[in-house]
Amino acid sequence: MGKLIRCTGVMAQNPYKFMMTGVSVYSIEEMSYYIYNNIYAIEENLLDENFIAWVRDEIHMKPLADKLFTLYQNKNNLKDIVVTILCSNDYYSEKEVKEIILIMDEIINLPYIKRQKMKADNFLKYGQYSKAAAEYTSIVKSKDIGKFTKEEYGNILHNLGVTWVRIKTYEEAQDKFKEAYTLNHNTQSLYAYLMAVKLSGNEELLNEEILRYELSEETSMELEKDIDEKYRNARREDEYLELEHLENERQRGKSERFDENVKRIITKWKDEYRHFVEN
């Protein structure tokens, strides 16, 4: 989990795995640490019969399992569940537990649409792109979208574009990045838009858009440099030298291997682009 955690309780033979993040925990202390440090990603569906069974059978904390089962039956809120878990061991002090309660109160008091955005952001953070896209799309279509500022709305569209890079096409994603930039005026959204245009293969549109946005000469040059950098760098990489060799083979009639490796290198460039828009 990235930190050495002192455990005094029973270590589970079989860990409990949080599906959103893929993190596995083996003890009540690790469970507490995870919940405390990922409070914005914890949802009320955390508590189910499988979770309760893990507490009872794997870490042998029957009293805690009984308390959690009562909360589960009574449909208590997430704050009650978190406090019960954190207070079942001594990993966090009373002061720290009170601090997390204040954070949870802030979350609970947020409008539903803003809690929905937190959920979407967490899906995106942990690579669940289809779920993130569904949440962002729901937000964009909501009658409560006006609760966000123009900049916040633009950022939501940018994130929706990021998910579409993963699950749809560059053409569809570029529309979201373009709309995002008109609202948030964030150069990252503009860069993402123009890079999506570049990767869709529409060089004519790319040149038109660089002119349309009336970027300063310095900014335009920097932007074009950033967009073309991966392509120029490819010429200095082993893959490019390999392609030169494969091109010779292609000319001798061995085109199948050439095509396969071209696809592999293009995929690598597209993966680098996806990493760019997500950071």
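The values are calculated or read from the model by the stated rules, or taken from the named source; none is laboratory data. This one's a predicted model, so the numbers in the text were calculated from it and none came from an experiment. Reconstructed Cβ throughout: ideal geometry from the backbone, glycine too, with neighbour counts over all protein chains shown.
What the table shows:
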item	result
Cβ-Cβ under 7 Å pairs, at least 6 apart or on other chains, segment 146-160 side assigned to a helix (DSSP H, G or I) and modelled with pLDDT under 95, far side surrounded by 14 or more Cβ atoms within 10 Å (Cβ to Cβ) and among the polar types (S, T, N, Q)	none
Test: residue in segment 119-130 that is in contact with a Phe, Trp or Tyr (Cβ under 6 Å, 6 or more places away or on another chain), under 25 Å from N45 (Cβ atoms) and outside the structural domain of Y34 (by TED's automatic domain parsing)	yes
Tally of residues being of a type in the set (F, W, Y) and modelled with pLDDT of 95 or more across segment 161-185	2
Flag if E224 is farther than 17 Å from H158 by Cα and loosely packed, with under 13 Cβ neighbours inside 10 Å	no
Segment 8-42 - residue that is among the polar types (S, T, N, Q) and surrounded by fewer than 18 Cβ atoms within 10 Å (Cβ to Cβ) and, of those, farthest from the chain's Cα centre (by Cα)	T8
Y91, sole failed condition from (1) within 23 Å of S24 (Cβ to Cβ); (2) exposed (fewer than 14 other Cβ atoms within 10 Å of the Cβ); (3) at pLDDT below 95	(2)
Meets criteria (of a type in the set (V, I, T), closer than 21 Å to M19 by Cα and outside any helix (DSSP H, G or I)) for I81	no
Which listed residue is assigned by TED's automatic domain parsing to the domain that holds M104 and at pLDDT below 90, from N50, N45, N77	N45
Residue count for segment 67-123, restricted to those that are hydrophobic (A, V, I, L, M, F, W, C) and in contact (Cβ under 8 Å) with a residue 40 or more places away in the chain	9
